[in-house]
Amino acid sequence: MKLAIFDLDETLIAGDSATLWLEFLAKRGLVSDALLAEEQRLMEDYYAGTLDMNAYMALTLAPLEGRCPEEVAPLVTEFISQHIAPIVYPQARERLDWHRTQGHRCLVISATGEHLVRPIAHYLGVEDAIGVQVEVVNGRYSGRPEGVFSFQQGKVVRLGHWLREHNVEPDFCYGYSDSHNDLALLEYVDKAVVINGDETLNALAAERGWQRLNWAL
């Protein structure tokens, strides 16, 4: 069995789903301008490779606190329809379709919360997805993450958990990402493909002979 592993933000879609989600909530008065500003500051750290994921997840999951998953799910569905569907790269859909026709299993893995990653992956026709785990206490989101973050080396750790949980032993893995934060994952797979890579990742891809693709809307 062959496995195709896709990053989500800026790889399958032309944007960051967590940022767009917070902006979506802000328009409904559920998120403050101060929170949006702090999220943007933290995203600068992400692009620099210095992000404090504990701080980032505490901030971005705060709007979920006290809400039950059944309350949040319809908002996520509306969000995907309005803000994710228009920014899915056509080439991403084509590549996912190609892997399916080859009989490959597809997996989306992202450092965004699973409350967004799983529904977006399902919208893209991908059943398997890994995101940052979001704690639920007494049927309601606590606003806190739990477990190993699916970020940087943590993506490889969480992938290992997923492989064991699903009793999957691929004989070949493809990996797709735009970010140097996913270097550990791209080094793990058998075939690394860089999509609209950042400056650091493009330089590494050139050195290592990894395929580089430019996708556009």
Probe 1.4 Å, heavy atoms of protein chains only: per residue, the accessible area of the chain in Å² is 46 Å²
How many percent of Cα pairs in the chain exceed 31 Å?
16 percent
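Would you calculate a helix-derived [θ] at 222 nm for the chain, using -39,500 (n - 2.57) for each DSSP H run of n ≥ 4 and dividing by the full residue count, to the nearest 500? Mind dumping the intermediate values first?
On the way: 9 runs with 97 residues, N = 217.
Helix contribution divided over all residues of the chain: -13500 deg cm²/dmol.
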Take the Cα of E78, step 7 Å along the line toward its Cβ, and report every residue of the stretch 28-50 whose backbone nitrogen sits under 19 Å from that point.
28-33
So for the chain: antiparallel DSSP bridges make up what percent, rounded to the nearest 5?
20 percent
Compute the length gained on full extension between R164 and S142: take 0.36 nm times their separation in residues and subtract their Cα-Cα distance, giving the result in nm to one decimal.
5.2 nm
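Taking the highest mean first, how do the peptides 50-63, 202-215, 121-134, 72-85 order by number of other beta carbon atoms within 10 angstrom per residue?
Details: 50-63: 17.0, 202-215: 13.6, 121-134: 19.5, 72-85: 15.4.
Result, highest mean first: 121-134, 50-63, 72-85, 202-215.
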Using amide H atoms built in the peptide plane, which far-off residues or other-chain residues are under 5 Å from T112 H to H?
V132
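What's the magnitude of the charge dipole for the chain around its Cα centre, counting Lys and Arg as +1 and Asp and Glu as -1 at the beta-carbon? Answer in Debye, nearest 20. Kindly include the intermediate steps, with their values, before the conclusion.
On the way: 18 positive and 32 negative charges, 101 e Å.
Here the size comes out at about 480 debye.
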So, relative contact order of the stretch 80-137 in percent, Cα under 8 Å, 6 or more apart, is 30 percent
Could you list which residues have their amide H under 5 Å from that of Y141, counting only those 5 or more apart in sequence or on another chain, with H placed in the peptide plane?
G66, R67, C68
Once you put a point 7 Å from the Cα of V157 and another 7 Å from the Cα of T101, both along the Cβ direction, what distance in nm separates them?
3.9 nm
On the protein heavy atoms, probe 1.4 angstrom, tell me the percent of accessible surface of the stretch 96-217 carried by carbon and sulfur.
44 percent
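The values are calculated or read from the model by the stated rules, or taken from the named source; none is laboratory data. Quick caveat, the model's predicted, so the values are computed rather than measured. Note: ideal-geometry Cβ built from the backbone for every residue, glycine included; neighbour counts use all protein chains shown. Surface areas here come from the heavy atoms of the whole protein model, side chains and all, with no ligands, DNA or RNA. Shrake-Rupley method; radii C 1.70, N 1.55, O 1.52, S 1.80 Å.
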